[in-house]
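These notes are about the structure you will find just below.
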Amino acid sequence: MIGGTAVTAVGLAATALVVGGSSGSGAPMGLLLAGPLLVAGCGAGCVIAANQTLALHRVPRKEGSTAAGVYQTGMKIGTSLGTALATSLLFSRIAATHGDWAAAAQTGLIGAAALTAVAFLVALPGFTLGGRDSTPGVVEEEVEMAR
């Protein structure tokens, strides 16, 4: 999951570089963006399902649906805030450059890459400090339910 976050940040940063460097190049933008967006998408795919599993791994089964609902609400709020930040950066750059969409897209993508890099930095101590420990109460409860 940590690696996926890093790959996503790199893919978004590479996409920002391609968008910013392609202004007036005449090259087909779809082909230029395919590679870095593929990298970003693969990284995000590694994170999404694993993130929910990791976030809810200590929740007892009886409380799983409630915890998953709270988790999903938090994800929706985070997505809304990230989208608002990226679009704010995009439109403020359009206004500042009087319609330079390439520069604006680059700025929005840099903002998204920066947020992803922050997520990577927040997750990194969990990897370097020995990861997570198992909670005996949850394991015992699952064994009891299996009987």
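Provide a single number: the residues in the range 53-79 that are assigned to a helix (DSSP H, G or I) and open to solvent by 60 Å² or more (accessible area, probe 1.4 Å).
14
Answer yes or no: is there a residue in the range 80-103 that is open to solvent by less than 50 Å² (accessible area, probe 1.4 Å), out of contact with any Phe, Trp or Tyr (no Cβ under 8 Å at 6 or more places or on another chain) and in contact (Cβ under 8 Å) with a residue 60 or more places away in the chain.
yes
Consider the range 80-95. How many of its residues are within 9 Å of T107 (Cβ to Cβ) and of a type in the set (S, T, N, Q)?
1
The values are calculated or read from the model by the stated rules, or taken from the named source; none is laboratory data. Remember, it's a predicted structure, so these values are computed and weren't measured experimentally. Neighbour counts are summed over all protein chains in view; Cβ atoms, including those assigned to glycine, are modelled from backbone coordinates with ideal geometry. What goes into the accessible areas is simple: the full protein's heavy atoms, side chains included, and nothing from ligands, DNA or RNA. Shrake-Rupley method; radii C 1.70, N 1.55, O 1.52, S 1.80 Å.
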